[in-house]
Amino acid sequence: MSMEENKQYFSTQLLRWYRKERRDLPWRRSRNPYHIWVSEIMLQQTRVDTVIPYFNRFMDRFPTPQHLAEAPEEDVLKHWEGLGYYSRARNLQAAVREVVEQYGGVVPSNKKAVSSLKGVGPYTAGAILSIAYNQSEPAVDGNVMRVLSRYFCLEEDIAKPATRIGIESIAQELIPDGEAADFNQALMELGAMVCTPKSPSCLECPVTQLCLGRLEGRERELPVKTKAKKPKPVFRFAALIEGSGQHAGKVLVRQRPDTGLLARMWELPHIEVLDAAAWDMLALGKQEIEAALSEDGVKVKATEHVVGDAQHIFTHLIWNIRVLAAVALDEEYVTDRTSYKWVGAEEFESFVWPNVFRKLLTEYFIQSRN
DNA sequence: AAATCGGGGCA
DNA sequence: TGCCCAGATTT
């Protein structure tokens, strides 16, 4: 069998399988380019099951590019809360505003224009052009690299950017004429449902007969991928600052900077200490957090009472947070600081929180109610 | 090329 | 625990 016949077999069988087995997903109910676009941004590094409820809420609130363009950023972030990688939400809104202004609200269908939109890289551009506009462009994500690495027994390291380029040209050649939309989705659907990372279900695979990786008994060792670095643990003290007087029942929180990790989200004030040993020295934590807040003009009396510990795991970082009880000494001055605010159980939901602080504060407000 | 950027699901 | 997920952007 020639390589040409091999490729044709793959595409034909895969398409047939997909048309029978495709999942009914919210963004598959139309070819509305805006729907496809939003779904693809949400799906970056995020599982389908996680995205579904977010997608539905998002489309309910921002049904068209115009609605999204006109919304306050805080509203958009609120609908992204808990989904992670928040720059996706900000980039999406910036890009939608450009689409409304430059293209009258119509998602562009040419490669150059789509690719230049904020947050739209090689994969997402290919996904929009192929799924929404049925153009013969590859859309190579982790699924596609895994499936094709196995089927063609490719041994290049898929962690390297150069490998994706090569696989894109292979994926391009595999697209049957006029079938880009279904074929690209079929490739990803196979990776998600059958050709899974750990133990692929080769018995249920529509192309198992000619899968080179399988024929060589190497499906479990492919694709080759260099290991990621372990996240670095860091240690922090946070302050749970309870208000009194007119701020009774409230907690002092602050907004993170405009850029970087968890940009513009709200948090308990906290500081980093050197290492795990310092994390055990409560007197040190009390002193350092008082000093740091004082720098911000916030006068606080901390204690050595540990309200609780929390851990937050990022891709490259592990926050270990020890929460100390504290009280504000000058409550009126505090409210003048724009990045600091008193928040009570009522206002809590109108702020956007990283999960770790959402959990801590939810727990606090439940406890203090009793 | 390497680092940054969330959060969760699963063996 | 480790690995991965419909990746993009910055350094």
Just one of the numbered conditions (1) in a helix (DSSP H, G or I); (2) touching a helix residue (DSSP H, G or I) at 6+ places or on another chain (Cβ under 9 Å) is not true of A:GLN135; which one? (1)
Taking the residues in segment A:311-323 that are in contact with a helix residue (DSSP H, G or I) (Cβ under 8 Å, 6 or more places away or on another chain) and within 16 Å of DNA strand B (Cβ to nearest atom) as candidates, determine which candidate is nearest to A:ALA292 (Cα to Cα). A:ILE321
Within segment A:147-226, considering only helices (runs of 4 or more DSSP H) that don't extend past its boundaries, which have at least 2 residues that are within 11 Å of DNA strand C (Cβ to nearest atom) and in contact (Cβ under 8 Å) with a residue 12 or more places away in the chain? A:161-174, A:180-193
Anything in segment A:262-285 that is open to solvent by less than 60 Å² (accessible area, probe 1.4 Å), assigned to a loop (DSSP other than H, G, I, E, B) and within 16 Å of DNA strand C (Cβ to nearest atom)? List them, or say none. A:LEU262, A:ALA263
Of (1) within 16 Å of DNA strand B (Cβ to nearest atom); (2) part of a helix (DSSP H, G or I); (3) without any contact (Cβ under 8 Å) to a residue 40 or more places away in the chain, A:GLY84 satisfies all except one. Which? (2)
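Residues are listed down the side, and each one gets a yes or a no for (1) modelled with pLDDT of 95 or more; (2) touching a helix residue (DSSP H, G or I) at 6+ places or on another chain (Cβ under 6 Å):
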site: A:MET3; (1), (2): no, no
site: A:GLN13; (1), (2): yes, no
site: A:ARG19; (1), (2): yes, no
site: A:ARG23; (1), (2): yes, no
site: A:THR50; (1), (2): yes, no
site: A:ASP60; (1), (2): yes, no
site: A:GLU73; (1), (2): yes, no
site: A:TRP80; (1), (2): yes, yes
Kindly indicate the residue of segment A:118-140 that is near DNA strand C (Cβ under 8 Å from one of its atoms) and of a type in the set (Ser, Thr, Tyr) and also most open to solvent (accessible area, probe 1.4 Å) among those meeting that condition. A:TYR123
Are there any pairs, at least 6 apart or on different chains, whose C-beta atoms fall under 6 Å, with the first in segment A:307-321 and over 13 Å from A:ALA276 (Cβ atoms) and open to solvent by 70 Å² or more (accessible area, probe 1.4 Å) and the second more than 10 Å from DNA strand C (Cβ to nearest atom) and among the β-branched types (Val, Ile, Thr), and if so, which? A:VAL307/A:VAL323
Checking A:PRO63 against (1) under 20 Å from A:VAL356 (Cα atoms); (2) away from DNA strand C (no atom under 12 Å from the Cβ); (3) outside any helix (DSSP H, G or I): exactly one of these is not met. Which one? (1)
Can you confirm whether segment A:167-180 contains a residue that is under 22 Å from A:ARG23 (Cβ atoms), open to solvent by 60 Å² or more (accessible area, probe 1.4 Å) and either modelled with pLDDT under 95 or more than 22 Å from the chain's Cα centre (by Cα) (or both)? no
Could you run through segment A:87-128 and say how many residues are in contact with a helix residue (DSSP H, G or I) (Cβ under 6 Å, 6 or more places away or on another chain), more than 20 Å from A:VAL51 (Cβ to Cβ) and in contact (Cβ under 8 Å) with a residue 24 or more places away in the chain? 4
Taking A:PRO233 as the residue in question, decide whether it is touching a strand residue (DSSP E or B) at 6+ places or on another chain (Cβ under 9 Å) and more than 23 Å from A:LEU14 (Cα to Cα). yes
I'd like the full set of residues that are in a loop (DSSP other than H, G, I, E, B), within 16 Å of DNA strand C (Cβ to nearest atom) and of a type in the set (Val, Ile, Thr), limited to segment A:286-319. A:THR315
Name, by its number, the condition in (1) open to solvent by 40 Å² or more (accessible area, probe 1.4 Å); (2) away from DNA strand B (no atom under 16 Å from the Cβ); (3) aliphatic (A, V, I, L, M) that does not hold for A:VAL107. (1)
Filter pass, A:ALA139 being within 18 Å of the chain's Cα centre (by Cα), at pLDDT 95 or above, under 22 Å from A:PHE55 (Cβ atoms) and small (Gly, Ala, Ser): no
Considering only segment A:324-336, I want to know if a residue exists there that is farther than 18 Å from A:GLY249 by Cβ, open to solvent by less than 20 Å² (accessible area, probe 1.4 Å), more than 16 Å from DNA strand B (Cβ to nearest atom) and assigned to a strand (DSSP E or B). yes
I'm told A:ASN143 meets every condition in (1) in a helix (DSSP H, G or I); (2) crowded, with 20+ Cβ neighbours inside 10 Å except one. Can you identify the failing condition by its number? (2)
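The values are calculated or read from the model by the stated rules, or taken from the named source; none is laboratory data. In this text the structure is predicted, and so the values were computed from the model without any measurement. Cβ sites come from the backbone with ideal geometry, for glycine too, and all protein chains shown count toward neighbours. Ligands, DNA and RNA are excluded from the accessible area calculation, which covers all protein heavy atoms including side chains. Shrake-Rupley method; radii C 1.70, N 1.55, O 1.52, S 1.80 Å.
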